[in-house]
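Working notes, structure below.
What follows is calculated from the coordinates using simple rules that are stated; it is not laboratory data. Predicted model only: the values in this text are computed from it and were never measured. In this analysis, Cβ positions are derived from the backbone assuming ideal geometry, glycine residues included, and neighbour counts consider all displayed protein chains.
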Amino acid sequence: MRLGQLIEPGDLICLNGEMGAGKTTLTSGIGRGWGAIETVTSPTYVLVNEYHNPNGNELHHIDCYRLADTLDIESTGLEERLENNVALIIEWPEFVLPYLPEERLFIDLIYEDDEIRRIRMRAVGSRYEALLETFVGAAF
Ligand SMILES: Nc1ncnc2c1ncn2[C@@H]1O[C@H](COP(=O)(O)OP(=O)(O)OP(=O)(O)O)[C@@H](O)[C@H]1O
Ligand SMILES: [Mg+2]
């Protein structure tokens with residue numbers, strides 16, 4: 001079971017974790033599992049990457065790190081993306097938390113050492129509780 005396969009239009013996934021924890025790397029795996037036609041890369045310079053799958057759905061990956069200083073919330077197009085019912089993966093969500101719906105899946109990545117990351121997932125809302133239950137049930 002791949003987490004990406006469970007993602008539906010309108011889903012919101014927030015990735016927490018310090019710099020280098022593996023948020024972008026995880027996103028690329030999720031994007032592949034979801035079925036992205038494009039290669040999933042890092043949005044560090046473009047802020048947002050938009051992916052498509054063969055079902056005609058979109059997955060947008062937003063890196064909010066630079067909102068801490070130079071950019072403002074408008075530059076993310078977050079509001080439109082939320083309205084358009086696309087699936088969203090957000091890195092550094094702490095910078096946009098007030099603009100996000102309460103219900104979401106949190107993934108915390110913890111850097112243990114060079115080779116090892118710990119992962120913790122937390123669901124807020126019934127949609128995400130169901131998603132997590134399916135994922136955990138299938139994975140273990
Ligand atoms: N699960 C993992 N196990 C071992 N190494 C990993 C893992 N995930 C990522 N890495 C490595 O850690 C480094 C940083 O990964 P990544 O760019 O995904 O972090 P990030 O959390 O997105 O960082 P930033 O906050 O700077 O965007 C990369 O060199 C990557 O190969
Ligand atoms: Mg990153």
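A few comments on the model shown:
- Neighbours of E50 by Cβ distance under 14 Å: Lys/Arg scored +1, Asp/Glu scored -1, total -3.
- Charges were assigned to the Cβ only: +1 to each Lys and Arg, -1 to each Asp and Glu. The resulting dipole of the chain about its Cα centre is roughly 460 debye.
- Förster radius 22 Å - calculated FRET efficiency between I110 and M1 (Cβ-Cβ, nearest 0.05): 0.50
- Phi-based couplings in Hz for region 53-58 (Karplus 6.51, -1.76, 1.60; Gly and Pro marked x): 10, x, 7, x, 9, 10
- Given charges at beta-carbon only (K, R positive; D, E negative), |dipole| of region 1-81 in Debye: 420
- Exposure proxy shown here: for H60, H52, the number of other Cβ atoms within 10 Å sets the order, fewest to most, as H52, H60.
- The Stokes-Einstein estimate for the chain, based on a Kirkwood radius over Cα pairs and taken at 20 °C with 1.002 mPa s viscosity, is a diffusion coefficient of 141 µm²/s.
- Extension gain, I119 back to E8 (0.36 nm per residue minus Cα-Cα distance, nm): 37.8 nm
- Residue exposure sequence - S75, S28, S126 - by fewest surrounding Cβ within 10 Å: S126, S75, S28
- Restricting attention to the chain, close to 50% of DSSP beta bridges with both partner residues there are antiparallel.
- In the chain, helices alone account for a calculated mean residue ellipticity at 222 nm of -7500 deg cm²/dmol, with every DSSP H run of four or more residues adding -39,500 (n - 2.57).
- Potential lengthening between R66 and E18 on full extension [0.36 nm per residue; Cα-Cα distance subtracted]: 15.9 nm
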